[in-house]
Each structure stands twice: as structure tokens, then as C-alpha cells.
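The block underneath contains the structure these notes are about, expressed in C-alpha cells.
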Amino acid sequence: MFRPSECCAGALAASPVPRSTTAVPIETARHQAPRTVHCNECCMHHLCLGSDTDAMDVAQFETLIDHWHPMPKEKYIAREGDAFDGVFLVRSGSVKTCQTLANGEEHITGFHFPGEIFGLDGLSSNAHVNSAITMETTSLCLLPVRSMLSIRKAAPTIEIRFLLLISELLTRKDEHSSMLSKNRAHERLAAFLLDLSCRFERRRLSSLCFSLPMSRTDVSRYLGLSLESVSRAFALLEKNRLIKSTGRVLEIVDKTALASLAGVAQESQRDTAKPRNCINA
């Protein structure tokens, strides 16, 4: 289960990696681990494979994937330019994907949690466009390229679920673009925190009080803001009693107002509630 560390401090120490012109194969063999937990026993089964997937298809799917040994924090899973070996699924922990810009700065393209996939960026060019780095101790499954073409025949109901996971990944990218379109830093931050809240809730964790697995530096690189702007945005949301934060532990105090600020309608309150917009700079 996803258990973000509450005692982590500071930004991740991953240094920028220059884009390689030649695909370098990932040494997958040294990461592979014996299967100690089967798919139908995994606590993220309902997110990864769904709750009504055919049992025989699940058993067939297990023969197609590789389980990796748990990887420690700040470990590269793949680097820009590495050969595309397959698609990753997060079993536990969390992962950030990032690119190195022309000026050497790191731009974070996504955060990935249990039950989510990443690594599809390398499918078209046969080389990863993004680097992938663990943000805490993380366990992964790898669906190798050789197995991707076998899903339809071996596990047809899994193929449908896999397409849904791809759709969710594309939706998250669209939502990220929407965040970046907001002019004010505290609006971007509000939208980001609501997105995390929703994703934690899907993992049967608290949607109102959680620990951030990423540093504020990571948040700034994801939202396209300076670290100072992100710090001021956190302070402004706290000042207006929308959130409370202690280190990386964050509590959403007024989710309705936070959603109003972010321009996100909550399903249960879309027609009836009139959320306050109480941001005072």
C-alpha cells in the first residue's frame, strides 16, 4: 500500500541527465524478483486490474509481467534515452517522471502512484523521453514489449483494463496542462492539491490529510513556478484557512473553497453548494 514517508525532508537529489542520442538498454534482469504477491492478492488490484476482471485472464496476465525488487528512494528506474523495454505499473511507493530542458533545468512531467502506469513515452521512438525516479521505496511491475502484443490473445479483459489505464494517464496529462494554464500560483497549487486528494481517496487513503511524497522543489518544477512562488502560495492558502501544513504533512481544511479557487466543481456539491472564494492576498 502507498505509504508516503512523513519524515522525508528536502528536495530530491537527482541531478539533471543529458539526453542521450543512443538508446541504452535498461538492465531489467538485475531488478527482477520472484513473485511473492499474486495480482489477485495485491491491495492495488482494484485500481490496476479492476474488481470484475476474469480470474483466468488475471492468471494469464501474471505470466506476462515481471516483478521488480523494491527500489530505494531517489533511484533511477529509466533515464532519458534508455531503450524502451515496456510499460511500468506502480505496486507501492511513488515515482516522478521528468525531462532535462535545454538550459539543464529539470521539468517534472508527472507523479505516479500505486495502480497507475508510466513509461509509455518510449513506445513511438523505442527510447524513453522521460527519466523516471523513485520518490520513496517503490515496488514495480513491468509489462515488457514482447508481452504487450500478447495481451489481446492471452487476457482479453485485461486488454480493456489496460486501455483504461492509458486513458487515465492521458487524462492526467490534460489536467496537468490545465493547471499550467492558470495565471496565479495559488490557483495552480489548489488544483494540484485537489488532484492529489482525489488520487489518494481512490487508493482508500484519507483525502483530507496526507503526506506529500514529493518536495516543494518537485512541486515547483511540476507547476512551472519558482520555489519562492510555491512557498508563497502555500502560505497564502494557509493564511486563508484552506489548508494546514507541517513539513510534508498536509491537511485540507476547506475543500469546497479550495475547489472553487481551482475552478473545479465537486460532484456532491456541483448543483447546491455556493463555495466561498475567500483568498485575501
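The values are calculated or read from the model by the stated rules, or taken from the named source; none is laboratory data. All values derive from a computational prediction rather than experimental measurement. With ideal geometry, Cβ positions are generated from the backbone for all residues, glycine too; neighbour counts draw on all protein chains shown.
Can you tell me which of F118, F111, F61 is under 13 Å from the mean Cα position of the chain (by Cα) and in contact (Cβ under 8 Å) with a residue 60 or more places away in the chain? Give the steps one after another, and end with the answer.
Values: F118 fails: in contact (Cβ under 8 Å) with a residue 60 or more places away in the chain; F61 fails: under 13 Å from the mean Cα position of the chain (by Cα).
Within the list F118, F111, F61, the selection yields F111.
When you scan region 131-166, how many residues do you find that are in a helix (DSSP H, G or I) and closer than 24 Å to F200 by Cα?
Initial filter on region 131-166 (in a helix (DSSP H, G or I)): 145-148, 151-154, 156-166.
Imposing the further condition that a residue be closer than 24 Å to F200 by Cα reduces the set to 158, 160-166.
Result for region 131-166: 8.
Of all the criteria given as (1) buried (at least 20 other Cβ atoms within 10 Å of the Cβ); (2) of a type in the set (V, I, T); (3) modelled with pLDDT under 95, the one not satisfied by I252 is (3).
T272 meets the conditions (1) modelled with pLDDT of 90 or more; (2) out of contact with any helix residue (DSSP H, G or I) (no Cβ under 9 Å at 6 or more places or on another chain); (3) on the phi < 0 side of the Ramachandran plot in every case but one. The failed one is (1).
Looking at P4, P16 in this structure, which one is touching a Gly at 6+ places or on another chain (Cβ under 6 Å) and either in a loop (DSSP other than H, G, I, E, B) or modelled with pLDDT under 75 (or both)? Spell out how you get there, then give the answer.
On the way: P4 fails: touching a Gly at 6+ places or on another chain (Cβ under 6 Å).
Going through P4, P16 in turn, just one is touching a Gly at 6+ places or on another chain (Cβ under 6 Å) and either in a loop (DSSP other than H, G, I, E, B) or modelled with pLDDT under 75 (or both): P16.
Please tell me if S150 is surrounded by 14 or more Cβ atoms within 10 Å (Cβ to Cβ), among the polar types (S, T, N, Q) and in the same structural domain as V95 (by TED's automatic domain parsing). Full working, then the answer.
Details: surrounded by 14 or more Cβ atoms within 10 Å (Cβ to Cβ): yes; among the polar types (S, T, N, Q): yes; in the same structural domain as V95 (by TED's automatic domain parsing): yes.
Yes.
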